[in-house]
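Everything on this sheet refers to the single structure shown next.
The numbers here are math on the coordinates, done by the rules we state, and not lab data. Everything numeric in this text was worked out from a predicted model, so none of it was measured. Note that we place each Cβ from the backbone using ideal geometry, even for glycine, and neighbour counts take in every protein chain shown.
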Amino acid sequence: MRDETPPARPRAREALLALLIVLAGAWLRGRELDETELWVDEAESCLNGLTILERGLPYGEALGLPVYENTLVEPWPESAEYEFRDSSYSASGLAVYHGWLPLYAIAASYALAGVRADPPGGLEVRHDEREMRRRTVFGRLPAVLFGVATLVVFFLAGRELYGRDLAFAALLAGAVAKPAVLLSRQARYYSATVFASSLAVLAIALVARRGRARDWALAAVAYVLLFHVHVLTFAVGCVALALVLPRALRIPGAPRRAAVAAAAVLAGTLPWVLATGFLDQAQGVPKGITLLELPEDLWTYPRSKLPFLAIAVPGLVGLLVARFAPRGRSPQFLGAWTAERGLGLVLAAWIAIAWVAFTCLAPAASLFLQRTTVPLAGPAILFGSLTICAFARTLDLPSSPVVGPALSLALAVALGGPSWSGLLSTGDHAPVRAIVEALREEGPFERGTRFYATPNDQLPLSLYTGIPFQSVAPVRKSFLDSYEGPLVLAETLARYEPLGVRRMIELARDHGEELDAEQAVDLRKAMSVELARRDVAALAGRVDAPEHALPSWIEPALAEQRAENPAAIRRKKDPVEDNPAMFRGFEIRTWLDWWPVFFYRFVDPASRSGANLNYAERIRGARARVLRTSHVLWFAGRLQEAPKAAGN
């Protein structure tokens, strides 16, 4: 085999090359972190981090209001204002739905940057553009650092599992593959999970092969970290470790070292479980498996990852054939596919267990398709790179130590590599920026004003403005109908998906008008604003909307956009495919239909949607401001002064 230990000078060159690749990966992860605003889940993590700076622990409270982000299942009969509690937080208000390590990392980042929590009671936008960017960048920075640390672990784990070729192959794939980059650019637990799970893989390889005291110490550290990032991935990692225990415990002294490591893991996890009430809280969160159609839904995720399966399945076949093939036959093949000494099968087992466990055990509210990637991303990158390197070694070419890493890099780029320009942390979050700008223009607001948003954009709005926004979902209809002070409500989901640019050009041409692509984009934005204006006009006492000169032929185009909207939503992001546990059986005609289904899924969404929305009566006759993004801000005056809508 060609994996001899290199002399000192080549080792130094390899270390330098690895460092340069890590720096390139760091640049991809850290560039333009403020190009988009924090999305709702990121904002929750950042608000939790700010409570750590205030109170030492991550509490579900921001600006004096309880934080809501989960589907609503827990009644709150003691509250006159809120019909439900949020199931992400314990009875004492502690965050238990998400691990604490990423939250403390965000708190440390904010402390170093001088970002502090805003006091309650804000009546105008408190933060300028610079401060908004600072809250974005330093909220995401810990994820970048976890992502960079993961690259180092990929290199070390690859070298331990298989040799230098896998070390560089996994490092290159991890550095540039778009999914790995995106997970490392969000202020969530994703990046820390990939780091801790990859560290656990390294620890498994070390205890299985060497079993030294420091190897078991690394395993204890890795598993404690993994527990405090993502409990389900921790459980998957424990099963993977159990697969190598029979072999690892045969090493002299290993049973005692393993017992010490297990005691350390218990000491690092059990007190948290008991102190937070985690087990009680977890039992109250509905599991996705109760709503799935199995085994059909089990295959949804693999179908979305066919390019990876095209690499992984042949790799698994190669490992199994080599393991059970008669000794002495095809020595080159056997040598290439057994050099990992069975640990490749452990990686494959981790991936399969994580996929099945996430599908069957994850809460229904978390069972979104792409989140399945998080608990298996690290092992998957190592396994895919191992497959490529094993095929390269089978060729037995003089250049085969280079072929594996080169192929791994090429495939990582081809199968979802980075977009080298405009690589964003997540999707388009223009509504948050547009709403903040509008609030800045409208404020300061009258004392006693209550601020609400459709869930969960109350979280980024609170973080960026310092105004105490609350999700409207858990609020009692009776409270909204009887609250005498003014209300501001942000509807942060656009009603209509625009028609395609090509279709806009065709419609214009059918009516004797030529549009270029830029004009078509502008016109379809104006159409979404016009449809939103017409929708709210039936309820509002007054509508303020951007003025657009629409062509005379626009009515058929508007009718087509309205009729086409459900299909357009499915093409963009089919809710049923993305999370069948939550959306199967419900028709999503506009994005405003989406949130009542998700948040009221277990408390009769039909009785709380459309005309039955808890805020429907309170905004009747209010002033509606349609923004350039087609999102709507409602301004309802004091109850005794609120005008009635025309015709009512």
statement: Computed about the Cα centre, the charge dipole of the chain from +1 Lys/Arg and -1 Asp/Glu charges at the Cβ has a magnitude in debye, to the nearest 20, of 2840 debye
- prompt: Distance from the Cα centre of the stretch 352-379 to that of the stretch 70-144, in angstrom?
  reply: 24 Å
task: Any chance you could run the full-extension gain for GLU14 through LEU306? It's 0.36 nm times the residue separation minus the Cα-Cα distance, nm to one decimal.
output: 101.8 nm
- request: Using the structure shown, list the pairs from LYS178/LYS305; LYS178/LYS525; LYS305/LYS572; LYS305/LYS573 with a Cα-Cα distance above 20 Å, or answer none.
  value: LYS178/LYS525
- prompt: Which of the lysines could a cross-linker span from LYS477 if the Cα-Cα distance has to be under 19 Å and same-chain partners fewer than 8 positions apart are dropped?
  reply: LYS644
field: Cβ-based charge dipole, the stretch 141-414, positive-most Cα from ALA267, VAL413, GLN281
entry: ALA267
task: Could I have the simple spin-label model distance between TRP299 and ALA259, label points 7 Å from Cα toward Cβ, reported in nm to one decimal?
output: 4.8 nm
- prompt: For labels at PHE479 and ALA213 in the simple 7 Å Cα→Cβ model, what's the distance in nm?
  reply: 5.7 nm
message: How much length would be gained if the chain were fully extended between ALA80 and LEU249, taking 0.36 nm per residue of separation minus their Cα-Cα distance, in nm to one decimal?
response: 55.0 nm
field: Net dipole in debye of the stretch 37-181 [+1 Lys, Arg Cβ; -1 Asp, Glu Cβ; about Cα centre; nearest 20]
entry: 860 debye
Relative packing of peptides 106-113, 313-320, 189-196 - highest average C-beta neighbours within 10 Å first: 189-196, 106-113, 313-320
message: Could you tell me the center-to-center distance, by alpha carbons, between the stretch 271-336 and the stretch 520-562 in angstrom?
response: 48 Å
- prompt: Taking the C-alpha atoms of the stretch 141-414, how large are the radius of gyration and the largest Cα-Cα span, Dmax, in Å?
  reply: 18.6, 59
- line: Reduced to Cα centres, the span from the stretch 446-463 to the stretch 475-511 in Å works out to 17 Å
FRET efficiency, 1/(1 + (r/R0)^6) with R0 25 Å, evaluated for CYS238 and LEU53 via beta carbons: 0.15
task: Tell me what the chain gives for mean residue ellipticity at 222 nm when only DSSP H runs of n ≥ 4 count, each as -39,500 (n - 2.57), the sum divided by the residue total, rounded to 500 deg cm²/dmol.
output: -18000 deg cm²/dmol
Matching label, percent of Cα pairs over 41 Å apart computed from the structure shown, candidates [x] 33; [y] 37; [z] 52: [x]
statement: Contact order relative to length for the stretch 141-414, counting C-alpha pairs under 8 Å separated by 6 or more residues, stands in percent at 28 percent
statement: Neighbour-count ranking for ARG447, ARG625 (other C-beta within 10 angstrom, fewest to most) reads ARG447, ARG625
